[in-house]
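Following: one structure in C-alpha cells, then a few remarks.
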Amino acid sequence: MSDGSLSATQKFEQALRIGRPPNVVKLFPNSRALLVSGKVVDRAMLAKGNAMCIAANARNRFIIHGALRAAERADAALIIEIAKSEGGADAYCAVDYWNMATYIDAVANQLGVTVPIAVHADHYAQKNPTDVARSMAEIPTMFDAGITSIAIDASHMPDADNLAATVALNAMVPAWAGLETEVGEIKGDQGLSTAEEALFLIQGLNAHNVFPDWIALNNGTSHGIQASAAGIQVELTAEIHRVLEPYGVSGAQHGTSGNSFERLRSIVRQTRTTKANVATALQMVSWGVKVNEYGNAFQDDSGAFVREQQSGASDALWTKMVAYAAERGWSAGDYKKLNLPFEGKLWAQPREFRERMVTAVEEFVYRLLTEVFNATGTGSLGVDAILAAGSYDLGPKAQRIEDPAEWSFEKAAARAATLFKEDAPEGNFDD
C-alpha cells in the first residue's frame, strides 16, 4: 500500500520498481521510464473524475517526443498508440506495433519523463475468421515487443462474431494488460452504435470472464479530415455509458480531430469516457499544416493544405511531400501515407526544423490535457494507483455477474439476431 508520507520522487521510485509489467522489465531492464498497463491510465482518470487521457497516435516519432513533453509538463498520465492500418504488418507509418515501445522508452529516458505511459495497440481490426486466426499468433509478438494495452476491434463483424472473436483473442492478452473493445463499426455501414448492441457485447464478455477497461462506439466520429458537421453524439454516448455502468467499463472516444473543444469538454463532463484518441490533428500539426483551434486542417479553394508560417517541416521538404502525393494522385485523406517514406527525411532536417515540429505537437497536446481533457495531475494519480495495488497488475474493475449458461455462442447468436440497428449514416469520410 502507498505511504502518504512519501515524497513524489520516492513514490516514482517505488512505482518504477513494481509498476512496470514483466514484458517491459525484460525489454528495458535498466530503464527509468514508467511504461505501464493501460489499466493504470484508466484508473488515474477515474480517480480524478471527469477526466480523459490523450491517446496520442504516433504516426511519426515527432509526435512521441511532443506528447511526452506535454504530459510531463501537465503531470498527466498518457497513452501513446498506433492502429493496425498505420503500424501493423502492412504499415504506412515508420512507427509500428513492434518498435513503438522502444521509441517511447528511449524518448522518455532522454527527457526524464516520470508520468505513467501506456503503449497501446489501437484498432487491432478483425474483419473475418482468417484475421482472427492470424491474430492468435500475432498478438503475443506484440506484447513481446512491449505493448501494454490493446484494442481488439472486431466491430467490422456481426455482433455475435464480434463477441466470439473478442473472447478468443482475449486469451492471448496478458491478464494485467489494458483491454479495449468496440461495438458499431466506426464509419462503417452499420449505423450508429445502440445501447442494446453495447450491452449485448459487454454482457457476453462478462459471462466469459472478459472485463474490458474501455468500450469504443460508433457515436458519430469521423476519423481523419472532417467532412461532416455531425460530430460526436454526446447524449448517445452518455446513454450507452449509463446502461453499461454495472459492468465498470469506461469509454474510449475515437475520432476527436475536428470536433470542437466544447463538444470534447461535454464528453468529459457528461460521460464515463477516460480515453480520447487524437491522430490526424497531431500529424498535421507536426508537419506545420495550419489547423483551427481543435485540430481540423485548413485547406484552400483548390483543396491544398494551408501552411502555418515558421512551423513544422521546412518549406523545401514540404514541397517535396506535396509533389510526392500529387504524383500518386493522393487526396487530402491520403496524406497519412506520407509518414513512412518521409520519416527519415524529416529527421534528416536541421535541428531547428525538428525542434519546431516537436514543439508544435507539445503545445497542441498540452492545451488538450490542461484546458479540455481535465487531465492535469493524473500522472501522480496513476503512480498512486500502482502503489495502492502494490503491483503492475491492477486487476479488473468488474466481476462476473452474467450466467455463462445463458451466453453460449449459440444463444448469443440467437440474441444478436434480435438487436435493434440504427440506419447507416450518410457521408463520405476519409479515415
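The values are calculated or read from the model by the stated rules, or taken from the named source; none is laboratory data. Predicted, not measured: the structure shown is a model, and the values here were computed from it. For neighbour counting, all protein chains shown are included, and Cβ atoms are generated from backbone atoms with ideal geometry for every residue, glycine included.
Here are the numbers for the structure shown:
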| read-out | value |
| --- | --- |
| Among residues of the range 106-125, those that are touching a strand residue (DSSP E or B) at 6+ places or on another chain (Cβ under 8 Å) and either under 23 Å from residue 368 (Cα atoms) or buried (at least 22 other Cβ atoms within 10 Å of the Cβ) (or both), counted | 11 |
| Matching helices (runs of 4 or more DSSP H) fully within the range 4-89 where at least 3 residues are surrounded by fewer than 17 Cβ atoms within 10 Å (Cβ to Cβ) and not hydrophobic (A, V, I, L, M, F, W, C) | 8-18 |
| The range 249-258, residues that are among the polar types (S, T, N, Q) and buried (at least 24 other Cβ atoms within 10 Å of the Cβ) | 253, 256, 257 |
| Some residue of the range 83-100 being under 19 Å from the mean Cα position of the chain (by Cα) and among the basic types (Lys, Arg) | yes |
| Residue list for the range 86-108, filter: of a type in the set (Ser, Thr, Tyr) and within 16 Å of residue 180 (Cβ to Cβ) | 97 |
| Which listed residue, of 56, 76, 51, is among the small types (Gly, Ala, Ser) and either under 17 Å from residue 100 (Cα atoms) or out of contact with any strand residue (DSSP E or B) (no Cβ under 9 Å at 6 or more places or on another chain) (or both) | 56 |
| Odd one out for residue 165 among (1) closer than 26 Å to residue 194 by Cα; (2) in contact with a Leu (Cβ under 9 Å, 6 or more places away or on another chain); (3) aliphatic (A, V, I, L, M) | (2) |
| Residues of the range 206-219 satisfying the condition of being under 22 Å from residue 233 (Cα atoms), in contact (Cβ under 8 Å) with a residue 60 or more places away in the chain and in contact with a helix residue (DSSP H, G or I) (Cβ under 8 Å, 6 or more places away or on another chain) | 213, 214 |
| Matching residues in the range 285-324 - criterion: being in a helix (DSSP H, G or I) and among the basic types (Lys, Arg) | 320 |
| Odd one out for residue 223, checked against (1) modelled with pLDDT under 95; (2) in a helix (DSSP H, G or I) | (2) |
| Options 264, 317, 368, 340: the member that is closer than 27 Å to residue 47 by Cα and modelled with pLDDT of 95 or more | 368 |
| Unique match (being under 21 Å from the mean Cα position of the chain (by Cα) and farther than 21 Å from residue 92 by Cβ) among 275, 290 | 275 |
| So residue 92, is it crowded, with 19+ Cβ neighbours inside 10 Å and aromatic (Phe, Trp, Tyr) | no |
| Failed condition for residue 429, given (1) modelled with pLDDT under 95; (2) buried (at least 22 other Cβ atoms within 10 Å of the Cβ); (3) of a type in the set (A, V, I, L, M, F, W, C) | (2) |
| Count of residues meeting criterion [over 22 Å from residue 253 (Cβ atoms) and among the charged types (D, E, K, R)] in the range 352-403 | 9 |
| Subset of the range 126-146 that is surrounded by 17 or more Cβ atoms within 10 Å (Cβ to Cβ) and free of Cβ contacts under 8 Å to residues at least 40 places away in the same chain - its residue that is farthest from residue 385 (Cα to Cα) | 131 |
| Residue check, residue 121 over 27 Å from residue 184 (Cβ atoms), small (Gly, Ala, Ser) and either part of a strand (DSSP E or B) or touching a residue at least 60 places away in the same chain (Cβ under 8 Å) (or both) | no |
| Residue match in the range 351-358 (condition: in a helix (DSSP H, G or I), modelled with pLDDT of 95 or more and touching a helix residue (DSSP H, G or I) at 6+ places or on another chain (Cβ under 6 Å)) | yes |
| Verdict on residue 28 being of a type in the set (Phe, Trp, Tyr) and over 20 Å from residue 281 (Cα atoms) | yes |
| Qualifying residue in the range 123-136 (condition: within 20 Å of residue 73 (Cα to Cα), in contact with a helix residue (DSSP H, G or I) (Cβ under 6 Å, 6 or more places away or on another chain) and modelled with pLDDT of 95 or more) | no |
| Any hit, the range 381-401, residues being basic (Lys, Arg), in contact (Cβ under 8 Å) with a residue 12 or more places away in the chain and surrounded by 19 or more Cβ atoms within 10 Å (Cβ to Cβ) | no |
| The range 229-248 - residue that is at pLDDT 90 or above and touching a helix residue (DSSP H, G or I) at 6+ places or on another chain (Cβ under 7 Å) and, of those, surrounded by the most Cβ atoms within 10 Å (Cβ to Cβ) | 240 |
